[in-house]
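Below is one structure, written out as structure tokens; the observations come after it.
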Amino acid sequence: MTRRVAVVGGGLAGITAALRCADAGHEVTLLESRGLLGGLTHSFTRDGLHVDNGQHVFLRCCTAYLGLLERLGVTDRVHLQPRLEIPVHAPGSRRPVWLRRNPLPAPLHLADSVLRYGPLGLGDRMRFAGAALALKSVDPAAPSSDRRTFGEWLAAHGQSHAAITRLWDLVGIATLNARAEHASLGLAATVFQIGLLTDAAAADIGWATVPLRRLHGEPALARLTEAGVRVRLNTKVTGLSRDGGAWRVGADEPVEADQVVLAVPPPAAAKLLPEGAVRLPPDFAERLGSSPIVNVHVVFDRRVTSQPFFAAIDSPVQWVFDRTASSGLDRGQYLAISISAAEAEIEEPVRVLRERMLPALGEVLPAARGAEVLDFFVTRERHATFRPAPGSAGLRPPARTRAPGLVLAGAWTATGWPATMEGAVRSGEAAAQAVLGTPAGVPGRSEGIPA
Ligand SMILES: Cc1cc2nc3c(=O)[nH]c(=O)nc-3n(C[C@H](O)[C@H](O)[C@H](O)COP(=O)(O)OP(=O)(O)OC[C@H]3O[C@@H](n4cnc5c(N)ncnc54)[C@H](O)[C@@H]3O)c2cc1C
């Protein structure tokens with residue numbers, strides 16, 4: 001039986017749910033308050049330069065996200081490393097140290113890299129292995145894992161401050177959007193177990209070779225339209241109510257639907273959810289909170305690095321990506337410095353960030369010191385992710401609500417993952433499964449992706 005499905009929110013979660021429901025033969029309307037699809041993954045043009053709102057990466061283990069890219073027909077617009085390798089720069093050192101996987105199965109695939117990891121003393125390197133093995137047996141879903149910080153757990157497992165900041169946080173801050181001292185043990189265990197401790201290839205890193213709107217928003221609009229979805233941009237949903245047996249989705253032109261997928265961020269969901277629809281405290285959105293990400297964009301007059309990306313330790317510079325080709329720049333080099341858990345940076349004026357970040361970049365990348373800065377600007381996402389703090393698991397609802405025909409999606413819902421593109425797509429899959437009445441499960445991509 002064809003059902004009328006309204007999807008509210010056109011981020012990756014809403015796009016996924018809408019495509020799934022349309023592919024299953026339902027009549028779908030997607031309502032998005034902004035003028036474009038893609039939600040937190042978008043890009044804009046500045047003086048001819050294509051700029052992402054923030055650098056996004058994915059890992060080979062992000063199978064649901066890779067499945068979405070395949071459905072959108074854009075797998076040729078990303079690059080996935082054939083084998084994990086991360087150059088790590090520290091202030092004052094001329095050469096990076098490398099974290100590389102070897103051909104051995106996990107967790108041995110990183111053993112030689114960690115044993116040779118110069119920024120840590122030998123004792124720390126040895127103790128890292130013990131903690132990594134112990135982390136493998138932490139139950140990410142256990143309430144006790146959600147009550148504790150990852151930092152506290154690491155310290156209890158013999159990890160020094162240096163080991164936490166120079167190795168664990170290197171991965172953790174970018175994937176969790178929080179430092180170990182603020183992150184829930186449960187979410188950290190998920191990230192490290194899936195990414196580093198189970199499958200050797202899982203953490204190979206992928207990134208877009210085009211601006212984000214060409215990877216997500218624009219192809220999504222094309223595929224949704226082809227699939228028969230009515231996409232209504234610039235349409236803010238202002239209320240949800242039951243009218244007889246159907247839902248009335250309040251907007252400038254209201255929509256009637258048998259089922260609704262609410263795929264909006266927590267504060268918008270809190271406003272739209274009918275009373276009693278979820279088993280959460282009324283102030284769940286404020287309690288879940290959010291965590292900011294800042295990107296500092298620097299255009300140099302010449303090439304200053306040959307790496308597509310690198311990480312930095314003992315520095316406010318966390319991760320740096322070469323965006324020259326994807327931005328359309330034809331001379332010089334454009335680097336995006338991605339700063340996660342950016343509470344200290346989010347309100348800083350551009351001038352202050354320039355005074356701090358350019359010297360810091362020069363310390364880890366000496367070639368940048370002699371280069372002329374042709375452009376410098378900052379993008380800020382105050383609510384980039386929910387705050388992955390202890391207690392967050394209890395504030396993330398499952399897809400099914402108590403209101404008949406009303407389903408939730410979004411990276412913040414109970415996916416078990418931190419707020420990531422993978423989590424968003426998984427939540428969209430789960431919402432579609434709830435609408436379609438089929439058992440939950442996440443289909444992965446079916447074929448290879450160009451490396
Ligand atoms: C700077 C930055 C860097 C990031 N880096 C990474 C990364 O490297 N890797 C990774 O995996 N993830 C990363 N993330 C996280 C990732 O982008 C998000 O988890 C994911 O995109 C969230 O998708 P979503 O669909 O759940 O929510 P959103 O993208 O927030 O989509 C919700 C949509 O709902 C719309 N909406 C809200 N209210 C209404 C309303 N009333 N009516 C209609 N529409 C409404 C919004 O406009 C929005 O389009 C990053 C995020 C940011 C901001």
If you put +1 on each Lys and Arg Cβ and -1 on each Asp and Glu Cβ, how big is the dipole of the chain around its Cα centre, in Debye rounded to 20? 380
Extreme residue, positive dipole direction of the chain, given options A90, V138, P390 (C-beta unit charges): V138
Would you mind giving the average projected area, over all directions, of the Cα convex hull of the chain in nm² with one decimal? 21.0
Could I get the Rg over Rh figure for the range 1-126? Both from C-alpha atoms, Rh via Kirkwood, rounded to two places. 1.13
hull vol. (C-alpha, convex hull) per residue for the range 226-338, Å³ -> 199
When only DSSP loop residues count, what trypsin sites (Lys or Arg not before Pro) in the range 306-407 have their Cβ near at most 16 other Cβ atoms within 10 Å? R331, R369, R402
At 222 nm, what helix-only mean residue ellipticity would the chain give, in deg cm²/dmol to the nearest 500, using -39500 (n - 2.57) for each DSSP H run of four or more? -8000 deg cm²/dmol
If every Lys and Arg gets +1 and every Asp and Glu gets -1 at its Cβ, then about the Cα centre the range 346-387 yields a dipole, in debye to the nearest 20, of 160
In degrees between 0 and 90, to the nearest 10, how far off the longest principal axis of the chain does helix 12-23 point, with axes built from Cα atoms? 50
Mind checking the dipole of the range 174-296: about its Cα centre, +1 per Lys or Arg Cβ, -1 per Asp or Glu Cβ, Debye to the nearest 20? 160
Would you be so kind as to identify which of G228, L197, W207 lies farthest towards the positive end of the dipole of the range 137-232, taking Lys and Arg as +1 and Asp and Glu as -1 on Cβ and the Cα centre as origin? G228
Charges on Cβ only, +1 for Lys and Arg, -1 for Asp and Glu, centred on the Cα centroid of the chain; of G38, S427, A263, which one is farthest towards the dipole's positive end? S427
Give me the percent relative contact order of the range 102-200, please, defined on Cα pairs under 8 angstrom at least 6 residues apart. 38
Cα extents of the range 102-200 along the principal axes, largest first, in whole Å, come to 35, 27, 22
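Throughout, read-outs are computed from the coordinates displayed, never taken from laboratory work. Since we're looking at a predicted model, the values are computed, not measured. Backbone-built Cβ (ideal geometry, glycine too); neighbour counts: all protein chains shown.
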